[in-house]
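One structure coming up, written as structure tokens, with questions to follow.
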Amino acid sequence: MLSTGWQELINEIAQTPIYQSLMAFLNQRETDGVKIYPPEDQWFRALELTPLESTRVVILGQDPYHQAGQAHGLSFSVLPGVKVPPSLRNIYKELHSDLGVAVPEHGFLESWAEQGVLLLNAVLTVEESSANAHQGKGWEMVTDRIIQQVNDSSTGTVFILWGNYAQKKINMIDQDKHLVIHSAHPSPLSAHRGFFGSRPFSKANDWLSKRGYSEINWALPMIGQADLFS
């Protein structure tokens, strides 16, 4: 369930022709038998877990993972029991180097979201085995509005932008009141070009702490056997 701040925004966005065209496109693709990830009830999972008024960090991804069982509405995160993707493995390596946090065996990032880390993809759906299939269909308008809402309503948020795609959003962010941390993407293709050694997690916590906000506990809890089937 969405918090009031997010629900009001989505209700407003839903009235726009771009959003209505996007929904018509998605409905048609499903009618055509195309598998779309994540499931519809998880498209706005990031907003459900991180209310607008609680958002203290935004980590922007590009689009969801495109294989069965991976995507569940949070950027970079996969469900328990799913193999940790390469970019997330590199995020864990940097987290360990930065803060000494033990590298988790899973890729489930909900505990970050529950602490105020908005794990937002720029595009919220994808088609099976077809990365970026829904780019340019309308989701960018929706997620740009979400970023703008955080920028306008928050008194202080850390925006973590990895890679050129995410960094295109810098001009939307008021850096007089927010912190922007940017570097190369954690993908194996680019992580050695500035992602490793960038220390985004300690920088975010230092900035939040100095402004009287709670630091994020970046250490992920262990996932028990019961969680794999919940």
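The values are calculated or read from the model by the stated rules, or taken from the named source; none is laboratory data. Keep in mind the model is a prediction, meaning the values are calculated, not measured. Note: ideal-geometry Cβ built from the backbone for every residue, glycine included; neighbour counts use all protein chains shown. Just so you know, the surface numbers come from the protein's heavy atoms only, side chains and all, with ligands and any DNA or RNA stripped out. Shrake-Rupley method; radii C 1.70, N 1.55, O 1.52, S 1.80 Å.
Give the accessible area for Asp176 in Å² (nearest 10); use a 1.4 Å probe, count only protein heavy atoms, and leave out ligands, DNA and RNA.
150 Å²
Please report, in debye to the nearest 20, how large the charge dipole of the chain is about its Cα centre when each Lys and Arg carries +1 at its beta carbon and each Asp and Glu carries -1 there.
Details: 17 positive and 24 negative charges, 153 e Å.
Result for the chain is approximately 740 debye, rounded to the nearest 20.
Could I have the simple spin-label model distance between Asp152 and Val180, label points 7 Å from Cα toward Cβ, reported in nm to one decimal?
According to this spin-label approximation, the distance is 1.9 nm.
A further question follows. With a 1.4 Å probe and all protein chains kept in place, how do Asp41, Asp63 rank by accessible area, largest first?
Working: Asp41 110, Asp63 30 Å².
Descending accessible area places them as Asp41, Asp63.
Counting Lys and Arg as +1 and Asp and Glu as -1, what is the net charge of the other residues whose Cβ lies under 12 Å from the Cβ of Ser187? Don't skip to the answer; put the middle values down first.
Working: positive: Arg89, Arg193; negative: none.
With Lys, Arg at +1 and Asp, Glu at -1, the net is +2.
For region 93-101, just list the computed ³J(HN,Hα) in residue order, Karplus coefficients 6.51, -1.76 and 1.60, θ = phi - 60°, integers in Hz, with x standing in for Gly and Pro.
Running phi through 6.51 cos²θ - 1.76 cosθ + 1.60 with θ = phi - 60° gives 4, 5, 4, 5, 5, 6, 10, x, 6 Hz.
Follow-up question, since we're still on this one. Would you mind getting the accessible area per residue of region 26-125, heavy atoms of the protein chains only, 1.4 Å probe, in Å²?
On the way: 3910 Å² over 100 residues.
Ligands and nucleic acids excluded, the result is 39 Å² per residue.
Taking all protein chains as present, what is the carbon and sulfur share of the accessible area of region 100-179, in % to the nearest whole number, probe 1.4 Å? Can you show the working numbers first?
Values: 1230 of 3090 Å².
That share works out to 40 percent.
To continue, here is another question. Cα gyration tensor of region 1-81, axes a ≥ b ≥ c as square roots of the eigenvalues: rounded (a/c below 1.5), prolate (a/b > b/c) or oblate?
Oblate shape, in that a/c is at least 1.5 and b/c is the bigger or equal ratio.
Contour minus end-to-end for Glu40 and Ile18, with contour as 0.36 nm per residue of separation and end-to-end as the Cα-Cα distance?
Values: separation 22, 0.36 × 22 = 7.92 nm, distance 1.81 nm.
Result: 6.1 nm gained on full extension.
Now a separate question. Rank these by accessible area, largest first, 1.4 Å probe: Trp207, Trp6. Intermediate values should be presented prior to the final figure.
Details: Trp207 30, Trp6 0 Å².
Largest to smallest exposure gives the sequence Trp207, Trp6.
From the square roots a ≥ b ≥ c of the eigenvalues of the alpha-carbon gyration tensor of region 107-230, which class results: rounded (a/c under 1.5), prolate (a/b over b/c), or oblate? It would help to have the intermediate numbers written out before the result.
On the way: a/c = 1.36, a/b = 1.06, b/c = 1.28.
Judged from the Cα gyration tensor, region 107-230 comes out rounded (a/c under 1.5).
Sticking with this one: For the chain, give me the percentage of DSSP beta bridges that are antiparallel, rounded to the nearest 5 percent. Numbers along the way, then the final one.
Details: 3 of 17 bridges.
Taking every DSSP beta bridge with both residues in the chain, the antiparallel ones total about 20 percent.
Between His182 and residues 5 or more places away or on another chain, which pairs have amide H atoms under 5 Å apart, with H built 1.01 Å from N, and which residues are they?
Leu161
Probe radius 1.4 Å, ligands and nucleic acids ignored: give me the carbon and sulfur share of the accessible area of region 1-73 as a rounded percent. Please list the in-between numbers first.
Details: 1770 of 3590 Å².
Of the solvent-accessible surface of region 1-73, carbon and sulfur hold 49 percent.
Give the long-range amide H neighbours of Val82: residues separated by 5 or more places, or on another chain, with amide H under 5 Å away, using H modelled in the peptide plane at 1.01 Å from N.
For Val82, the qualifying residues are Gly107.
A further question follows. Report the label-to-label distance for Lys93 and Glu8 in nanometres (one decimal), using points 7 Å from each Cα along the Cα→Cβ vector.
Once both label points are built, they end up 4.4 nm from each other.
For the charge dipole of the chain, defined by +1 on Lys and Arg C-beta atoms and -1 on Asp and Glu C-beta atoms about the Cα centroid, which residue among Gln175, Leu22, Val123 has the Cα displaced farthest towards the positive pole?
Gln175
Sticking with this one: Please arrange His134, His192 by accessible surface area, largest first, computed with a 1.4 Å probe and ligands excluded.
On the way: His134 0, His192 155 Å².
Largest accessible area first, the list is His192, His134.
Something else: Taking the Cα centre of region 1-48 as the origin, how large is its charge dipole in debye, to the nearest 20, when only Lys and Arg (+1) and Asp and Glu (-1) carry charge on their Cβ atoms?
Numbers: 3 positive and 7 negative charges, 31 e Å.
That gives a dipole near 140 debye.
Give me the 1.4 Å probe accessible area per residue for region 160-230, excluding ligands and nucleic acids, in Å².
Working: 4250 Å² over 71 residues.
That works out to 60 Å² per residue.
Along Cα→Cβ, 7 Å out, is where each label goes; now give me the distance between the ones at Ala131 and Lys83 in nm to one decimal.
If labels sit at Ala131 and Lys83, their model points lie 1.5 nm apart.
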